[in-house]
Amino acid sequence: MKLNENFAKMPGSYLFSEIARRVASFSSEHPGREIISLGIGDVTLPLVPAVTKAMAKAVAEMGEAATFRGYGPEQGYAFLRNAIVEHDFAARGISITADDIFISDGAKSDCGNIVDIFDVDNKVAVCDPVYPVYVDTNAMAGRAGEYDPKTGRWSNLMYLPCVKENDFIPAPPQEKADLIYLCFPNNPTGATATREQLTEWVDYALYHDSILLFDAAYEAFITDPNIPHSIYEIPGSEHCAIEFRSFSKTAGFTGTRCGYTVVPTALERHGQSLRAMWNRRQSTKFNGTAYIVQRGAEAVYTPEGQSQIRANIEIYRGNAALIRQGLEEAGLKVSGGENAPYIWSETPNGMSSWDTFDLLLREAGVVTTPGAGFGPCGESYFRLSAFGDPKKVPQAMTRIRIALGR
Ligand code: PLP
């Protein structure tokens, strides 16, 4: 018996457990001190009424013989796939069909599982800093090589630095990468890519026969009409891109679990349809998302659902604006937070990101996320999330300003 040795090569999942440890230790030393979390990217507002009503109706249906449902289609119910096509794609002039849509229990699973359809020898490119799931799932599959604790990097991955000099948007590299993970609006930097920037990536992928793995989990936060919501707004992308979407941040589904992946029928390599491969993978290893949850997701697209989720997103956008303003008033250089729920800030006086975390926890009682946790280029930055409790954000920002002597 042999175990998958790639797991032994992986560094511990350090970031959020270390944050939790430091917060717990601070709280036990300072009982009674109120801590405000602007750290982890979980939502705080409840599901909207249109969604809970649709889910309650679906629960009642499941309790009646005439309307009970057993296993559903592995790809998701037609009612939800059609609603997605109409509202997320046709409404933007994109010709994605219901056949191209695969409903899942969230974007994390899909981003992680997609590696199943690619050979281990592919060259994978990721941004630095990055959502760790892209890196870790490739490491588990043996595609990342060896981890170097000194540099915080894997030997076989290609890193695309996202730094202030490129406004946190990487340009395509000179070398060829086979699989490129792109996430816009970005976690953790909150950066958004323009049509021109995404066109460069699509041209690169078409030229090199690469595949873009485009994570659009935060597209609902885009208000600027010049920023694409989907990679499929870029001509040619249906031949080189897979897109991941999620109801988590769009509609508060982090605990309810629903997302979807688009694998266009036109996407082929070596005479094989990637859509057919993903369909094979999903129907083998996945038995579909709960009917009740899919009815809830469908309700997001109704007129009431849309106005209710928009109202919540506006509250988070209000948080983002307050956070940006508060950090700027505290004398920090910030980016993101305008078409994205994350604000990426330089640390005060070039402090390390963990020292900044400790300072803000100790002096302000505010939990942040140290940039170094997302990759070496995140050092000297920290991330604030706009998903916090809107009643507490103003107070958190006042405390941060005072802690930083402003
Ligand atoms: N993709 C990115 C970039 C994320 O930040 C997250 C969650 O934080 C996800 C995907 C996961 O989304 P889901 O809740 O749909 O699994």
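Quick note: the coordinates plus some simple rules give every number you see, no bench work behind them. Worth saying up front: this structure is predicted, and the values here are computed from it rather than measured. Methodologically, a virtual Cβ is constructed for each residue, glycine included, from the backbone with ideal geometry; neighbour enumeration extends over all protein chains shown.
Highest mean packing first, where packing is the average number of other Cβ atoms within 10 Å per residue, the peptides 91-100, 341-350, 385-394 line up as 341-350, 385-394, 91-100. DSSP beta bridges confined to region 59-214 are antiparallel in about 15 percent of cases.
Per residue, the average separation of C-alpha pairs within less than 8 Å and at least 6 apart gives the chain a relative contact order of 23 percent.
When a/c reaches 1.5 or more, the comparison of a/b and b/c decides; with that in mind, is region 366-406 rounded, prolate or oblate per its Cα gyration tensor? Judged from the Cα gyration tensor, region 366-406 comes out oblate (a/c at least 1.5, b/c at or above a/b).
Over the Cα atoms of region 296-336, the radius of gyration divided by the Kirkwood radius equals 1.26; this is the Rg/Rh ratio. Between region 189-227 and region 1-37, the C-alpha centres lie 32 angstrom from each other. Gyration tensor over the Cα atoms of region 249-394: the corresponding equivalent ellipsoid has semi-axes (square roots of 5 times the eigenvalues, largest first) of 37, 22, 14 Å.
All other residues whose Cβ lies under 13 angstrom from that of V367 are scored, Lys and Arg at +1 and Asp and Glu at -1, for a net of +1. Quick one: go through region 43-65 and flag any residue whose amide nitrogen is under 15 Å from the point 7 Å out along the Cα-to-Cβ line of A311. Those under the cut-off are 45-53.
As a rough footprinting exposure proxy, the listed residues F168, F7 were ranked by other beta carbons within 10 Å of their own, and the order from fewest upward is F7, F168.
The convex hull built on the alpha-carbon positions of region 192-310 has an orientation-averaged projected area of 8.5 nm².
Within the set K2/K176; K9/K249; K249/K391; K108/K333; K57/K249, which residue pairs have Cα atoms separated by over 27 Å? Exceeds cut-off: K2/K176; K9/K249; K108/K333.
Each Lys or Arg adds one and each Asp or Glu takes one away; over the other residues whose Cβ falls under 12 Å from the Cβ of T97, this sums to -2.
Counting other Cβ atoms within 10 Å of each Cβ, which GluC sites (Glu not before Pro) in region 253-343 have at most 13 and sit in a DSSP loop? Passing both the DSSP loop test and the Cβ count: no residue. Specify whether the C-alpha gyration tensor of the chain places it in the rounded, prolate or oblate class, a ≥ b ≥ c being the square roots of the eigenvalues: rounded for a/c under 1.5, otherwise prolate if a/b is larger than b/c and oblate if not. Note, shape of the chain comes out oblate.
Taking every DSSP helix (H) stretch of at least 4 residues in the chain, weighting each as -39,500 (n - 2.57) and dividing the sum by the residue count yields a mean residue ellipticity at 222 nm of -10500 deg cm²/dmol.
Under the combined filter of DSSP loop state and at most 14 neighbouring Cβ atoms within 10 Å, region 167-258 retains these GluC sites (Glu not before Pro): E175.
The Cα-based radius of gyration of region 1-88, divided by its Kirkwood radius, gives an Rg/Rh of 1.17.
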